[in-house]
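FYI, it's all coordinate maths here, none of it is from the lab. These figures come from a predicted structure and were not determined experimentally. All Cβ positions, glycine included, derive from the backbone under ideal geometry; neighbour counts span all protein chains shown.
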Amino acid sequence: MTQIDDRCAAPAAPSAPPGEGVGEAFDARRFRESAGAVAARLAGPLTDLSVRGLALTDPAELTAAARALMTAERDRIAPHDPARLDAIMDLYVRTGIPVHSPGAMGRQFSGVVPLAGVMDFAGAMVSQPASFYEAGQLPSVAERIMGEELGRLIGWDPAAAAMVTTSGGSLANLTALLAARARAFPALWTRGGTDGVRPAVAVGADAHYSVTRAAGVMGIGETQIVRLPLDAARRIDVRRAGPALAAARRRGLSVFCLVASAGTTSVGAFDPLDELAGLCREHGLWLHVDGAHGASLLVSGELRGRLRGVEHADSLTWDAHKLMFVPAPCTMLFYRDGARSLGAFRQRASYVFDEEPDEYAALDSGGRNFECTKRPMIMPLWTLWAMHGPALFAQKIEHVCRLARDAHGLLLAEPDFEAVHAPQANILCFRHRPRGLAAPDVHRFQNAVRNRVRGGGSFFISKVDIDGTAALRAVLMSHHTTLDHVRMLLAEIRDAGRALLAEGADR
Ligand SMILES: Cc1ncc(COP(=O)(O)O)c(C=O)c1O
């Protein structure tokens with residue numbers, strides 16, 4: 001362990017100006033040159049449509065490469081070195097998922113619309129953090145505008161509804177659960193404890209882990225999570241959900257919120273929101289819809305029907321950094337009754353919250369979102385909406401969803417592939433079951449195929465367990481991907497499977 005030496009270095013003359021290097025780091029010409037060089041680097045992947053997957057680098061090698069790029073200077077400010085910046089950018093780009101490539105199908109990440117990336121960069125430079133109007137004026141207004149624009153697509157009255165941005169879908173789900181709990185147990189924030197009542201939440205069996213994590217953070221134990229059974233399409237089975245809620249009540253649980261999914265992470269399934277809203281009314285529950293993945297389908301006239309009934313929800317999580325192709329995080333949390341958004345956090349802090357809010361403070365979101373300093377994450381989305389309108393999003397979303405549907409059709413005609421669901425969004429899960437593969441080996445085989453395909457470097461796909469058996473998972477995010485690329489992927493999977501069977505690696 002090294003000791004911190006508490007003897008100070010001899011002080012510089014009082015109020016001595018900083019060294020020249022500080023001024024140079026802020027130099028406008030230097031900024032323009034660096035920004036130009038970085039932009040030139042980033043333009044490359046936009047035009048490189050080669051079919052590429054993920055190239056995983058050995059972490060030790062990458063650490064060494066990163067260390068080699070660091071200046072050894074400690075006492076002086078090292079001068080700007082364009083070659084070093086170029087090498088850093090090169091490493092940054094090379095180790096990223098090639099999100100613009102038709103081969104990148106592994107996760108819900110997409111290549112962002114370049115203008116949205118530019119605005120994210122602008123956000124870093126302008127520095128308008130967004131929780132308080134006085135610090136982030138345009139982001140606060142843009143947040144309100146987007147709340148109204150997208151709130152209308154949900155079917156809500158803009159005068160009553162509210163939206164706050166928050167750093168990711170996981171945090172939005174936690175925030176919504178807090179607001180739901182505040183409605184059911186208004187004294188809890190102040191007094192703590194629930195006087196023997198056991199607050200509980202009901203979730204679909206395929207709910208994203210962030211939902212049950214949020215419950216855990218709130219002190220809602222595993223045994224207070226009521227997992228609702230799914231139907232054959234992996235949607236909450238409404239007929240069995242009612243009895244499950246009744247059984248929870250008999251166990252002494254006070255369910256206050258039902259979390260439905262609009263686009264599950266595993267297969268992109270949409271829960272029947274209309275029927276679930278009826279069930280929630282009957283049981284006096286808050287209906288929260290986790291639409292982190294699928295809420296964006298509301299932008300498309302062709303696809304918005306997937307969220308039928310969302311207008312009856314109390315709250316909705318919507319990640320724009322998934323299917324609206326803007327930099328992460330950009331999450332919006334919507335409330336049908338805007339006043340409920342004040343329930344999640346109830347605090348006083350004289351340095352930020354005004355006792356008598358004026359017309360400026362009325363636009364503050366700090367009382368309603370977890371963050372104090374919050375990225376102006378709405379700006380890239382609002383800018384795209386302002387510049388191009390909703391059709392930009394609708395057309396891209398429709399392309400990737402149609403592609404998933406057509407790829408499913410392709411699979412149905414292939415005897416050595418098993419389609420495990422009919423895609424409702426842009427996620428397609430399936431299994432490869434070549435002749436000669438024994439039934440007990442199917443699970444391990446999918447994992448082995450996935451790893452081999454990933455190692456091959458042409459396609460990046462993921463995997464997910466469905467009813468205890470692994471399936472391959474393709475998330476179609478790029479508008480460059482076509483059915484021919486899906487055919488190439490299937491050929492690659494077949495090659496991987498053949499090699500594994502030949503090696504006996506399936507057992
Ligand atoms: C359905 C769903 N909910 C929540 C999340 C979490 O969102 P985030 O990654 O923005 O925290 C995800 C992420 O994949 C998701 O698919």
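Taking the stretch 337-354 and a reference point 7 angstrom along Cα→Cβ of C372, the backbone N atoms nearer than 16 Å belong to 346-354. A straight Cα-to-Cα reach below 18 Å connects K374 with the aspartates and glutamates D120, E134, E143, D319, D364, residues fewer than 8 places away in its own chain not being considered. Over the stretch 411-507, Cα pairs under 8 Å with separation of 6+ residues give a relative contact order of 30 percent. Placing a label point 7 Å from the Cα of D495 along the Cα-to-Cβ line, the residues of the stretch 436-463 whose backbone N sits under 16 Å from it are 449-461.
If we sort 254-263, 327-336 on the protection proxy, mean other Cβ atoms within 10 Å, highest first, what's the order?
Descending mean neighbour count gives 254-263, 327-336.
Could you tell me whether the stretch 129-389 comes out rounded, prolate or oblate from its Cα gyration tensor? Rule is a ≥ b ≥ c as square roots of the eigenvalues, rounded for a/c under 1.5, then prolate if a/b exceeds b/c, otherwise oblate. In terms of gyration-tensor shape, oblate.
Phi-derived couplings, Karplus 6.51 cos²θ - 1.76 cosθ + 1.60 at θ = phi - 60°, listed residue by residue for the stretch 288-302: 9, 10, 7, x, 3, 7, x, 4, 4, 5, 4, 6, 9, x, 5 Hz, with x used for Gly and Pro. Protection proxy ranking of 199-211, 36-48, 454-466, by the mean of other Cβ atoms within 10 Å over each peptide's residues and highest first, is 199-211, 454-466, 36-48. When only Cα pairs below 8 angstrom with a gap of at least 6 residues are kept, the chain shows a relative contact order of 19 percent.
Can you give the extra length, in nm with one decimal, that the chain gains between E302 and Y360 once fully stretched, where that is 0.36 nm per residue apart less the Cα-Cα distance? Don't skip to the answer; put the middle values down first.
On the way: separation 58, 0.36 × 58 = 20.88 nm, distance 3.89 nm.
Computed gain between E302 and Y360 is 17.0 nm.
Using the Cα centre of the stretch 129-389 as origin and beta-carbon charges of +1 (Lys, Arg) and -1 (Asp, Glu), tell me which of A187, A207, T165 is placed farthest towards the positive end of the dipole. Farthest towards the positive end: A207.
For the pair the stretch 215-230 and the stretch 80-107, the centres of their Cα atoms are 40 angstrom apart. Here the contact order of the stretch 129-389, divided by its residue count and restricted to Cα pairs under 8 Å and six or more residues apart, works out to 29 percent. With helices as the sole contributors, the chain gives -13000 deg cm²/dmol at 222 nm; each DSSP H run of n ≥ 4 counts as -39500 (n - 2.57), and the sum is divided by every residue.
What residue among Q347, A361, S140 has its Cα farthest toward the positive end of the dipole of the stretch 129-389, where the charges are +1 on Lys, Arg and -1 on Asp, Glu, each on the Cβ? Of the candidates, Q347 comes out farthest on the positive side. Shape of the stretch 406-503 from the C-alpha gyration tensor: prolate (a/c of 1.5 or more and a/b above b/c, with a ≥ b ≥ c the square roots of its eigenvalues). In terms of packing, defined here as the mean over residues of other Cβ atoms within 10 angstrom, the peptides 129-138, 378-387 line up highest first as 378-387, 129-138.
Computed from backbone phi, the HN-Hα couplings of the stretch 366-372 come to x, x, 10, 10, 5, 6, 8 Hz, rounded to whole numbers (Karplus: 6.51 cos²θ - 1.76 cosθ + 1.60, θ = phi - 60°; Gly and Pro given as x).
Under the classification rounded if a/c is under 1.5, otherwise prolate if a/b is larger than b/c and oblate if not, where does the chain fall, given a ≥ b ≥ c as square roots of the Cα gyration tensor eigenvalues? Judged from the Cα gyration tensor, the chain comes out oblate (a/c at least 1.5, b/c at or above a/b). Its residue count N fixes a reference of 2.2 N^0.38 Å for the stretch 38-115, and the Cα radius of gyration divided by that reference is 1.32.
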